[in-house]
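Accompanying notes for the structure given below.
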Amino acid sequence: MGSHADLPTRFLSGNEALALGAHDAGVRVAAAYPGTPATEIVETLATFPGLHAEWSVNEKVAFEVALGASMVGQRAITAMKHVGLNVAADTLMSSGLSGAGAGLVIAVADDVGFSSSQNEQDSRYWTRFAHLPVLEPRDAQEAYLMAREAFDLSERHQVPVLLRMTTRVCHVKRPVHLLVPLPAPATIPYKKDADRWIVTPNHVGRRLEVRAARDTALRAEAETSHWNAVEQGSDRRLGVVASGPACHAVREALPDAPLLSLGFGAPLPIALIRRFAATVDALLVVEETEPLVENELRAAGLAVHGRSLLPPFGEVLADHVARAARAILDETLPARAARPPQPVFARPPTLCAGCGYLGIYYWLSRLPNAIVCGDIGCYTLGASPPWETVDMVLAMGASLGIASGAAKAIAQDGPKRPVIATIGDSTFLHSGMTGLLNLTYQRANVTVLLLDNGATAMTGGQENPATGRDMAGQAAPMRVDFPKLVEALGVRPQRIRNCDPYELPTFFKILREEMKAEEPSVIITTRPCVFTPEFQRDPPYVVEADKCNGCATCLDVGCPAVLVTRREQQVRPSGTVVQLAWVDIDQQLCTGCGVCAKSCSREAIAVKAVKPIIRLEPA
């Protein structure tokens, strides 16, 4: 291989680089469900000819699609965020026994620091649980190179390989030096093998023996892998074992400390770490997010420092490492000049102007007695001001099951309260259908709001079986009919209602009717996401100042195009203090949906008059 100067270079994020590495390795099938920070991996792969890329309905199905391709001899990759691996866990665990056929890579993006997730999770635990090897790139360059090599590693050991990314590696860009694509891999002929592919009790015993032998072989390879690199240092008072991208914080904080950077961290190369530990006086383990390597080294009898000196969650920064090192070496921290706090402009997340969810949450916020079970999607923002109407959000598809349990508990003992579940179209198809089936089977008195905006909106507007298009934007052979689907799942036709969420009075009338029904009901609200091609902008609205009395009801809609121009506090003759606010509408943001106008009882919000176009006749 020539010098880097001889190689083409591209400025890539870690996700893009990983996809390019997989393409170089000859991947033929790529399946995923979109989820930040992993979305761009399969999106990038979909731009290459000669391979099949798809948005599957959820991560478990995506894993199974990739496994099926591997089983019949084609290299395959599945990609998901950390919580998506939980959805795929059943198949993941069994694949640790069956193994893989052709190379199979599981690209998992751990959202270290809660950038866009409901929890912070360390996917390395799954590699111990399922007995899989893990590769941990430190940056986009290593993501590219590891992806190229991971398929070969998978085929040598006949096992899926987990390629663990983190948010910073996924999204940070750097120049990536590219190599010549690898020779096209030969198709591995499929051979019927019940002992391997049928994971039933009469076959599992033999597969356990195979897995134990594979663990031994993988550990031996990890001990000598070039991805586990030792960097010598001049200050041997403290050595550091760093897992994946945590090595950058170590090198910045301790430039003279010996460093063992783990890129091939499972099975853990214990012998290599023992030899490294023998060359230093003390050993610090730096990893994100759980003390996994630290605990395994302690179990192996090594004296190490770790999580007790580092943050218990979030990213590990250079300052954290420096403080831990000083504590170990009993050094005094240098005096630091106090910095004045930097003013930060508050910009809370909100729904987009014209979003079909605005009117829905406007009315839900006026039902203080209702229990509203939310779900994962843009509509999670219903828990935020000005609505603050969602009582829980836990996991993809969880709203329906939790609402069912809440309704049953209220029916048993407690004051009667309406129970409402909100769920988006893509989330419903991902993992909500079983919840609705259980809800109808158990006769739970829940009003379900199925919010159809024609896209997997929160992750960028990806297609799903309800949009009528495939990943390439071409017409799909089918399109989900939600009324028929929910009827098939047990909802009586009389309790299936369709409405336009822009029509505030109509929506609220339907909502009140269905809340009174003593059985499960589904209200399907249909309006395209403002970022989809189907969305049509209408002329913007304006506020007629002479009609506005500052009641601020329009602010309860939560549209970011409605801006406060003046606030005032008044005391009524009764002594009640009233907060008033006068508003204007941002003409660039306004989509003309009219929801704010429908909330205004004084009709102070109207469509802006279109200026006449003066056409000049040619001379």
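Worth a mention:
- All strands (runs of 3 or more DSSP E) inside segment 514-574 with 3 or more residues being under 30 Å from ALA444 (Cα atoms): 521-526
- Test: residue in segment 441-456 that is open to solvent by less than 20 Å² (accessible area, probe 1.4 Å) and among the aromatic types (Phe, Trp, Tyr): no
- Counted residues, segment 407-440 - those being more than 26 Å from the chain's Cα centre (by Cα) and either closer than 16 Å to GLY377 by Cβ or in a strand (DSSP E or B) (or both): 1
- Any hit, segment 552-574, residues being surrounded by 12 or more Cβ atoms within 10 Å (Cβ to Cβ), touching an Asp or Glu at 6+ places or on another chain (Cβ under 7 Å), of a type outside the set (D, E, K, R) and touching a residue at least 60 places away in the same chain (Cβ under 8 Å): yes
- LEU504 open to solvent by less than 20 Å² (accessible area, probe 1.4 Å), of a type in the set (A, V, I, L, M), more than 22 Å from ALA406 (Cβ to Cβ) and in contact (Cβ under 8 Å) with a residue 24 or more places away in the chain: yes
- Matching residues, segment 280-311, being open to solvent by 60 Å² or more (accessible area, probe 1.4 Å), free of Cβ contacts under 8 Å to residues at least 60 places away in the same chain, in a loop (DSSP other than H, G, I, E, B) and touching a Lys or Arg at 6+ places or on another chain (Cβ under 8 Å): ASP281
- Strands (runs of 3 or more DSSP E) wholly inside segment 157-261 containing at least 3 residues that are out of contact with any strand residue (DSSP E or B) (no Cβ under 6 Å at 6 or more places or on another chain): none
- Residue in segment 476-498 that is open to solvent by less than 40 Å² (accessible area, probe 1.4 Å), closer than 17 Å to ASN58 by Cα and in a loop (DSSP other than H, G, I, E, B) present: yes
- When PRO269, PRO255, PRO245 are checked against the criterion of being surrounded by 22 or more Cβ atoms within 10 Å (Cβ to Cβ) and either over 33 Å from the mean Cα position of the chain (by Cα) or modelled with pLDDT of 95 or more (or both), a single residue qualifies: PRO269.
- Taking segment 108-145 as the range and being among the hydrophobic types (A, V, I, L, M, F, W, C) and closer than 27 Å to ARG207 by Cβ as the test, the residues that pass are VAL108, TRP126, PHE129, ALA130, LEU132, VAL134, LEU135.
- Residue match in segment 176-195 (condition: without any contact (Cβ under 8 Å) to a residue 40 or more places away in the chain and of a type in the set (Lys, Arg)): yes
- Taking the conditions (1) within 24 Å of PRO348 (Cβ to Cβ); (2) modelled with pLDDT under 95; (3) buried (at least 24 other Cβ atoms within 10 Å of the Cβ) in turn, MET392 satisfies each one other than (3).
- One residue stands out among those in segment 191-213 that are surrounded by 10 or more Cβ atoms within 10 Å (Cβ to Cβ) and hydrophobic (A, V, I, L, M, F, W, C): the one that is farthest from PRO133 (Cα to Cα), which is ILE198.
- Options SER225, SER243; residue that is in contact with a Phe, Trp or Tyr (Cβ under 7 Å, 6 or more places away or on another chain) and under 19 Å from TYR144 (Cα atoms): SER225
- Some residue of segment 361-368 being surrounded by 17 or more Cβ atoms within 10 Å (Cβ to Cβ), in contact with a strand residue (DSSP E or B) (Cβ under 9 Å, 6 or more places away or on another chain) and under 24 Å from CYS590 (Cβ atoms): yes
Residues checked against (1) open to solvent by 10 Å² or more (accessible area, probe 1.4 Å); (2) at pLDDT 90 or above; (3) not in a loop (DSSP other than H, G, I, E, B):
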residue: ILE106; (1), (2), (3): no, yes, yes
residue: GLY113; (1), (2), (3): yes, no, no
residue: SER116; (1), (2), (3): yes, no, no
residue: GLU120; (1), (2), (3): yes, no, no
residue: LEU132; (1), (2), (3): no, yes, no
residue: PRO137; (1), (2), (3): no, yes, no
residue: ASP152; (1), (2), (3): yes, yes, yes
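The values are calculated or read from the model by the stated rules, or taken from the named source; none is laboratory data. Remember, predicted model here, so these are calculated numbers, not experimental data. Heads up, the Cβs are rebuilt from the backbone with ideal geometry, glycines too, and the neighbour counts pull from every protein chain shown. To get the accessible areas, we keep the full protein, side chains included, count just its heavy atoms, and leave off ligands, DNA and RNA. Shrake-Rupley method; radii C 1.70, N 1.55, O 1.52, S 1.80 Å.
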